[in-house]
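Notes follow the structure.
The values are calculated or read from the model by the stated rules, or taken from the named source; none is laboratory data. This structure is a prediction, so every number in the text was calculated from the model and none was measured. We place every Cβ from the backbone using ideal geometry, glycine too, and count neighbours over all the protein chains shown. Ligands, DNA and RNA are excluded from the accessible area calculation, which covers all protein heavy atoms including side chains. Shrake-Rupley method; radii C 1.70, N 1.55, O 1.52, S 1.80 Å.
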Amino acid sequence: MLPKEIQTEVEKGTMLPLMEEFYTIQGEGYHTGTAAYFIRIGGCDVGCHWCDVKESWNAAIHPPTHIDHIVENASKYSETVVITGGEPLTWDMTLLTQMLKDRNRRVHIETSGAYPLTGTWDWICLSPKKNKLPTQTVYDNAHELKVIIYNKHDFIFAEEQAEKVNSNAILFLQPEWSKKEEMTPLIVDYVMNNPKWRVSLQTHKYLNIP
Ligand code: SF4
């Protein structure tokens with residue numbers, strides 16, 4: 001249980017449970033291959049069984065950190081800052097994104113969309129999850145829809161999600177890492193037959209970088 005004054009700061013979004021921050025190459029989706037500073041915020045109750053960052057779920061184990069400290073670090077490294085999680089929209093992103101924009105950063109988010117959109121974003125990557133579907137504000141504002149393919153049924157889910165997202169969003173199918181041998185050939189065939197989709201791979205894992 002956090003002390004009340006810290007809890008209030010977290011609710012306002014002036015402090016956030018910071019799990020890790022690192023400068024690396026964006027491995028997935030539209031901005032693959034470009035340098036970015038990643039800020040991973042703890043807390044997620046979506047519960048994907050194949051999640052590769054389960055350590056992020058419990059916000060209580062990640063120290064509430066002042067956003068000026070987070071912004072100060074991020075500003076040293078890269079023009080592009082990616083806010084990821086966990087599920088960053090668990091928290092109010094308004095102040096963090098405002099401060100990053102004040103420092104002339106491009107601000108991206110990776111989200112399941114499970115909570116209403118807060119914050120000012122240059123790029124919203126929506127990766128919807130079946131157990132907690134996205135809120136309308138995220139469907140309406142996403143620049144990119146990235147659906148993880150764990151089994152064949154996920155192609156049906158992907159089409160359902162493509163119907164819901166705004167018509168400008170760029171559509172990606174990405175194999176879940178532990179199923180990549182089985183699913184990548186199916187994705188390749190699917191994209192050739194349905195060229196509105198593109199293939200996304202977790203290239204950072206092939207490169208062995210975070
Ligand atoms: S939404 Fe993301 S962080 Fe949350 S459980 Fe699913 S994969 Fe993990």
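Annotations
- Ordering of 107-115, 66-74, 151-159 by burial proxy (mean other Cβ atoms within 10 Å per residue, highest first): 107-115, 66-74, 151-159
- Radius 9 Å from Cβ of residue 47, net charge of other residues (Lys, Arg +1; Asp, Glu -1): +1
- Taking all protein chains as they are arranged and a probe of 1.4 Å, the heavy atoms of residue 8 leave approximately 60 Å² accessible to solvent.
- Anisotropy class of the stretch 151-210 from Cα gyration tensor, a/c 1.5 cut: prolate
- Protection-proxy order for peptides 136-147, 181-192, each taking the mean of Cβ atoms within 10 Å per residue, highest first: 136-147, 181-192
- Computed lengthening from residue 79 to residue 60, 0.36 nm per intervening residue step minus Cα-Cα distance: 3.8 nm
- Considering only 125, 170, 208, and ranking their Cα positions along the charge dipole of the stretch 121-210 that arises from unit charges at the beta-carbon of Lys, Arg, Asp and Glu, the one farthest toward the positive end is 208.
- Using a cut-off of 22 Å between Cα atoms, the listed pairs 129/152; 152/179; 4/76; 132/205; 152/180; 101/196 include 4/76; 132/205; 101/196 as exceeding that distance.
- Other residues lying with their Cβ under 12 Å from the Cβ of residue 66 contribute a combined charge of -2, Lys and Arg counting +1, Asp and Glu -1.
- Solvent-accessible heavy-atom area per residue, rounded to whole Å², over the chain at 1.4 Å: 48
- When the Cα gyration tensor is reduced to axis lengths a ≥ b ≥ c, the ratio a/c is 1.5 or higher for the stretch 1-77, and with a/b not above b/c it is classed as oblate.
- With a Förster radius of 25 Å applied to the C-beta separation of residue 167 and residue 34, the computed FRET efficiency comes to 0.50.
- Placing a label point 7 Å from the Cα of residue 11 along the Cα-to-Cβ direction, the residues of the stretch 90-124 whose backbone N falls under 15 Å from that point are 91-92.
- Working note: 222 nm ellipticity from helices only, DSSP H runs with n ≥ 4, each -39,500 (n - 2.57), summed and divided by the residues of the chain, gives -8500 deg cm²/dmol to the nearest 500.
- Accessible surface of the stretch 4-207 [probe 1.4 Å, protein heavy atoms]: carbon and sulfur percent: 53
- Separation of the residue 203 and residue 188 label points, Cα + 7 Å toward Cβ, nm: 1.7
- Segments 46-54, 83-91 sorted - mean Cβ within 10 Å per residue, highest first: 83-91, 46-54
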